[in-house]
Amino acid sequence: MQETMPRTGQDTGHELVAQHGAAVEQTAPARQAEYHRFDLWQRVDHIMLLSSFTVLGLTGLPQMFSTQPWATWMILTMGGIETVRIIHRVAATVLMLGAIYHGGITTYKVFVRRVRLTMLPGWQDVKDAFQAFAYNLGLYKHEPRMGQYNFAEKAEYWAVIWGSAVMIMTGFMLWNPITTTLFLPGEIIPAAKAAHGGEALLAVLSIITWHVYHVHVKRFNKSMFTGYLAREAMEEEHILELERIEAGRRQIPPDPQAVRRRTMVFVPVAVVISVSLLVGLYFFVTHEHTAIETIQPPTTEQLQAANPPGEQSFTPATNQALDQPVGITW
Amino acid sequence: MKQSVQQIFQRSLPFLACLLAAGLVVVLLNGLPALAQEQPSAPVSEQTPQAVTPQDALPAQMPGAATDSACKLCHADLTGTLALPSGDELTLGVDLSALDASVHGQHAAQQLACTDCHADRQRYQYPHQPPPAQNLQEYRADVAQNCERCHVSSELHNPGHLQAQDKTNLPNCVDCHGSHEVEPAAAMYAAPIAFCRTCHQTFEDPALAAVHTEVVASLDSPEHNCTTCHSDTVQPVDAQCKNCHSLLTSWVTLESGEVIDPHVTPAHIDASVHGFRDVDGKQYTPLACTDCHRNQQYTHYPHPPLEVANRRELTLQREAICQNCHSNIFDQTRDGIHNHALQEGNKQAATCFDCHGSHEIQPPDVPRERVVATCGSCHEDIKEQYVTSVHGAALLADDNPDVPVCTDCHGVHDIVQATSNEFRLASTEMCGKCHSDVNIMDKYNISTNVMETYVADFHGTTNVLFARESAHQEINTAVCYDCHGVHNILPATDENSQIMKANLLTTCQQCHPNASENFSAAWMSHYEPSVEHYPLVYFVNLFYRIVIPLTVGGFALFIASDVYRRLWNRLRRRKGQS
């Protein structure tokens, strides 16, 4: 495919071009063109989220519905509840690392590179959503014309942000209930458990419906893995962005000197924040043990058989009785 | 002496002539001795010899003349003795008053005549010949034969003596009952032991002497005498066992210095589960001693001595007895903790007898309190805890049938190690069995959703999953008794209860040592979250119960519309193409 369909906007090493759409090569036929959509950082980010989310879902939901036969079967198949919990926690750690990573690259792009904030939701997205729905029902003549990220994608992105925040916070409470109750009432723990489960169910069901439909069913959208999206999809879902690219309105590369100056600020701040977040994560993961350590069972006690009932009535009165000669031949 | 006999003879010649005539008649009539023998003897009880009348066996006497007047004439006054060839002296005088006072005298329906017993007409025809007996014993034996003319034969009356292997020295009727002064049998039974002792003065077998002396000394009632053991007929083995062991009083000292009481009270066996029983309308009689003590060495007397070093060894040795009948239960005990301990060398571990007793076994759970007493005889500390618990107190107070006793939780014969993974893992089901039963819990106004709320929580979830994974899985999460206590379980309203709110943190800290004040409230105390109890949890649940269907439903609706539109578009395009 790569051979038959020449790509446009190949990563030339110029980051901004790669990041924000590529100019269509004048020689290539427009219908065959692919447009750069996600850079490597984003694709790695997605892989981290994809893998951790899937594992979290697969190990978490059976715990939520643990008494259901299917859930029990899943847990036992995955190696028992203790193993499942370990896997869940490893995946949670990956998710949190991913969150720190995402925060880092996003902040870099926003503050150092000064990219357009195309993921910010706005009133237009609400209108787009209603227009799309009305169009689907035949109540509106045209599909909405949407930019780099449409309302479906924004909804999903911010749902992940919100969901991750809820899951990480409630997860911390469940992982560290003793530390949590140092500051918060005990009731917060079962409440966190309820929220953790509810939010998880909401997230998984959303992914299964919304995400799967939009990027797997409606059209098998490989751009998050390949980095490129076909023109047809661009036309349908991101027509404004396509027009922008084709009009050659690329973002002007920022002043290299300013970038260098901002990087000088960003790197130490980012390092400090990332390191403190990583330390926090380490604390999160390792602080409490009582929930997973085994309390030793009590030692067994040694007992002596007392006078059995049948012989209880019988006790030699004096020592003399013991010595008294008795015929023992019968 | 001969001279005096002649003098008497000469003086009373005419009278004797008359007597002779009468004697002739008697002798003639006695010519039918066979007839007398062949007449069936009346069924004579040895207890009631006075019922016998001589008429039954003897020929009719001549009326009006005493047949023995002549005998008495001489023998009443005789003071001399007759020397028998052996040198024994035969007393010739007869105490007529003693004769008269005897059962054959005035007590008899018809007084016996001398010749009724001294019936050999050849010998007693006057003048007598000296008796053919060589010694006094032979003489007595000879006279005793005459008893059988009226009384039952000695084979029937006294077969015991006849069993003796040495038959040279058998006693005859006269030896026991006496001769002229023969007493009613009842008089003999007044002091039966002393009576036997007139002959049996020593006990010859030194191996048995001590036991025999002890048993004889214990023969304290008229029903107990020599014949208790030495009866006329051969006793069943069981009776032999009981005869001796019910009379033994002294203890057997073992090598260890410990003593064994060989005494067995047959009445206790009769009253035990192995005694007289009515099971489902079937009547059972007591087990015999040898039903349990089957070893051949116990089927005859004397049996060999105990060959055990101490009492415990004896108990352990005897345990195998029970499996002869109770094999299924015995097999169960092989898997039990007590037997495991025993196999590992703890000889104090409980065996059948330690719990059930031996000769006096009673139904083990009647009343149910008995179970507690039995287990408590070894597990004393636990028993003390139990009796103060909510379960134990109710049991002791009014024999409450709903509360568990030891065996309800621990099992009976195949008792599991209570500290084992298996027991711990299964314990919640065990508690839940009663505590989920509405029929039981409603009586005490106790919630029955304790299992559901437990399983819904972290501890219970883990427990259930572990149990489903493997029954042998080790678990560290709390089970019922980690929080509520084990044997000392108290109601949550009791101020000493481990789960009382004031004490709950301490209970949590058993496993979560760093837990702070707030931590214990993280456990919802078996409450379902509601507006009153744990409202935050309730509202979080409510939130997601609304948000999830709304969100996912909205997504689904949009997707459905999108699918619809795409199909519609495709259809239209196809139409346009065609």
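Structure values in brief
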| read-out | value |
| --- | --- |
| Among (1) surrounded by fewer than 16 Cβ atoms within 10 Å (Cβ to Cβ); (2) more than 14 Å from every other protein chain (Cβ to nearest Cβ); (3) among the basic types (Lys, Arg) - the single one A:LYS141 does not satisfy | (2) |
| Enumerated helices (runs of 4 or more DSSP H) restricted to the stretch B:223-308, each holding at least 2 residues that are of a type in the set (D, E, K, R) | B:237-245 |
| Helices (runs of 4 or more DSSP H) wholly inside the stretch A:194-289 containing at least 1 residues that are under 30 Å from A:PRO62 (Cα atoms) | A:223-226, A:256-286 |
| Matching option when the condition is more than 16 Å from B:ILE559 (Cα to Cα), among the aromatic types (Phe, Trp, Tyr) and within 12 Å of another protein chain (Cβ to nearest Cβ), among A:PHE172, A:PHE183 | A:PHE183 |
| Residue in the stretch B:240-258 that is of a type in the set (Asp, Glu) and either away from every other protein chain (no Cβ under 14 Å) or under 17 Å from the mean Cα position of the chain (by Cα) (or both) present | no |
| Qualifying positions in the stretch B:467-481 - more than 11 Å from every other protein chain (Cβ to nearest Cβ) and either touching a Gly at 6+ places or on another chain (Cβ under 7 Å) or over 21 Å from B:SER525 (Cα atoms) (or both) | B:ALA471, B:HIS472 |
| Matching residues, the stretch B:346-390, being polar (S, T, N, Q) and more than 16 Å from the chain's Cα centre (by Cα) | B:ASN346, B:GLN348, B:THR351, B:THR374, B:SER377, B:GLN385, B:THR388, B:SER389 |
| Test: residue in the stretch A:39-55 that is outside any helix (DSSP H, G or I), more than 12 Å from the chain's Cα centre (by Cα) and either away from every other protein chain (no Cβ under 14 Å) or basic (Lys, Arg) (or both) | yes |
| Neighbours by Cβ (under 7 Å, 6+ apart or cross-chain): first from the stretch B:222-236, acidic (Asp, Glu); second assigned to a loop (DSSP other than H, G, I, E, B) | B:ASP232/B:ASN158 |
| Condition met for B:LEU396 (within 14 Å of another protein chain (Cβ to nearest Cβ) and without any contact (Cβ under 8 Å) to a residue 40 or more places away in the chain) | no |
| Only one of B:GLN348, B:GLN332 that is of a type outside the set (Gly, Ala, Ser), more than 21 Å from B:HIS245 (Cβ to Cβ), within 14 Å of chain A (Cβ to nearest Cβ) and surrounded by 13 or more Cβ atoms within 10 Å (Cβ to Cβ) | B:GLN348 |
| Among (1) farther than 22 Å from B:ASP120 by Cβ; (2) surrounded by 18 or more Cβ atoms within 10 Å (Cβ to Cβ) - the single one B:THR213 does not satisfy | (2) |
| Identity of the residue in the stretch B:482-502, modelled with pLDDT of 85 or more and assigned to a helix (DSSP H, G or I), that ends up nearest to the other protein chains (Cβ to nearest Cβ) | B:ASP482 |
| Selection count, the stretch A:179-201, where residues are farther than 21 Å from B:TYR527 by Cα and either touching a residue at least 40 places away in the same chain (Cβ under 8 Å) or buried (at least 22 other Cβ atoms within 10 Å of the Cβ) (or both) | 5 |
| Failed item, numbered, when B:THR374 is tested on (1) of a type in the set (S, T, N, Q); (2) more than 13 Å from every other protein chain (Cβ to nearest Cβ); (3) outside any loop (DSSP other than H, G, I, E, B) | (2) |
| Any chance B:HIS104 is within 49 Å of the chain's Cα centre (by Cα), in a loop (DSSP other than H, G, I, E, B), crowded, with 18+ Cβ neighbours inside 10 Å and of a type outside the set (Asp, Glu) | yes |
| Boolean, B:HIS512 is in a loop (DSSP other than H, G, I, E, B) and farther than 24 Å from A:HIS196 by Cα | no |
| Lone unmet requirement of (1) more than 30 Å from B:PRO404 (Cα to Cα); (2) without any contact (Cβ under 8 Å) to a residue 40 or more places away in the chain; (3) aliphatic (A, V, I, L, M) for B:ALA309 | (2) |
| Subset of the stretch B:442-466 (residues that are buried (at least 18 other Cβ atoms within 10 Å of the Cβ), more than 8 Å from every other protein chain (Cβ to nearest Cβ) and in contact with an Asp or Glu (Cβ under 9 Å, 6 or more places away or on another chain)) | B:MET451, B:ALA456, B:HIS459, B:GLY460 |
| The stretch B:188-215: number of residues that are within 13 Å of chain A (Cβ to nearest Cβ) and of a type in the set (Val, Ile, Thr) | 3 |
| Any hit, the stretch B:337-349, residues being aliphatic (A, V, I, L, M) and in a loop (DSSP other than H, G, I, E, B) | yes |
| Residue in the stretch B:414-429 that is surrounded by the most Cβ atoms within 10 Å (Cβ to Cβ), counting only those that are part of a helix (DSSP H, G or I) and free of Cβ contacts under 8 Å to residues at least 40 places away in the same chain | B:PHE423 |
| Test result for B:ARG565, over 17 Å from A:VAL212 (Cα atoms) and facing chain A (nearest Cβ under 8 Å) | yes |
| Residue in the stretch A:221-238 that is within 14 Å of another protein chain (Cβ to nearest Cβ) and under 30 Å from B:PRO529 (Cβ atoms) present | no |
| Every residue from the stretch B:523-562 that is acidic (Asp, Glu) and more than 7 Å from every other protein chain (Cβ to nearest Cβ) | B:GLU528, B:GLU532 |
| Residue check, B:LEU248 surrounded by 15 or more Cβ atoms within 10 Å (Cβ to Cβ), within 30 Å of B:MET188 (Cα to Cα) and of a type outside the set (Phe, Trp, Tyr) | yes |
| Residue count for the stretch B:266-302, restricted to those that are touching a residue at least 40 places away in the same chain (Cβ under 8 Å) and more than 16 Å from the chain's Cα centre (by Cα) | 5 |
| Of all residues in the stretch B:146-198 being in contact with a Leu (Cβ under 9 Å, 6 or more places away or on another chain) and outside any loop (DSSP other than H, G, I, E, B), the one that is surrounded by the fewest Cβ atoms within 10 Å (Cβ to Cβ) | B:GLU155 |
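Every residue, every condition in (1) modelled with pLDDT of 90 or more; (2) more than 27 Å from A:TRP73 (Cβ to Cβ); (3) among the basic types (Lys, Arg); (4) buried (at least 18 other Cβ atoms within 10 Å of the Cβ), yes or no:
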| residue | (1), (2), (3), (4) |
| --- | --- |
| B:GLN510 | no, yes, no, no |
| B:ASN514 | no, yes, no, no |
| B:TYR534 | yes, yes, no, yes |
| B:PRO549 | yes, no, no, no |
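The values are calculated or read from the model by the stated rules, or taken from the named source; none is laboratory data. These numbers come from a predicted model, not from an experiment. Ideal geometry is used to build each Cβ from the backbone, glycine not excepted, and the neighbour counts take in all protein chains shown.
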